[in-house]
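The values are calculated or read from the model by the stated rules, or taken from the named source; none is laboratory data. A quick note: this is a predicted structure, and the numbers were derived from the prediction, not measured. Cβ coordinates were reconstructed from backbone atoms using ideal geometry, including for glycine residues, and neighbour counts include every protein chain displayed.
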Amino acid sequence: MSTATYTVQGMTCDHCVQAVRSEIEKIDGVTGVAVDLDSGSVAIESAAPVDDAAVRAAVDEAGYELAS
């Protein structure tokens, strides 16, 4: 089991949280996603480490941006 935490910029409401969670859940191997709106943090649990580019693409698809 692997856990990674990212910071997403631009989320302002529960709809934002749901959009980000939904896109990240589509990544192969992801078993759980926890999004904290207040801090912008996204914790991803997966069977194996998830590729950062896949996470970035999922967040972009949801309409937001990963903090660098």
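Table for the structure above
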| quantity | calculated |
| --- | --- |
| Any hit, the range 58-65, residues being modelled with pLDDT under 95, over 10 Å from the mean Cα position of the chain (by Cα) and assigned to a loop (DSSP other than H, G, I, E, B) | no |
| Matching residues in the range 29-50 - criterion: being touching a residue at least 24 places away in the same chain (Cβ under 8 Å) and outside any strand (DSSP E or B) | L37, S39, G40, A47, A48, P49, V50 |
| Test: A54 is among the small types (G, A, S), surrounded by 14 or more Cβ atoms within 10 Å (Cβ to Cβ) and not in a loop (DSSP other than H, G, I, E, B) | yes |
| Single residue of G32, G40 found to be farther than 21 Å from G10 by Cα, modelled with pLDDT of 95 or more and in contact with a strand residue (DSSP E or B) (Cβ under 6 Å, 6 or more places away or on another chain) | G32 |
| Residue in the range 49-57 that is under 14 Å from Q9 (Cβ atoms) and aliphatic (A, V, I, L, M) present | yes |
| Residue tally, condition over 17 Å from S2 (Cα atoms), of a type outside the set (D, E, K, R) and surrounded by 14 or more Cβ atoms within 10 Å (Cβ to Cβ), over the range 28-51 | 2 |
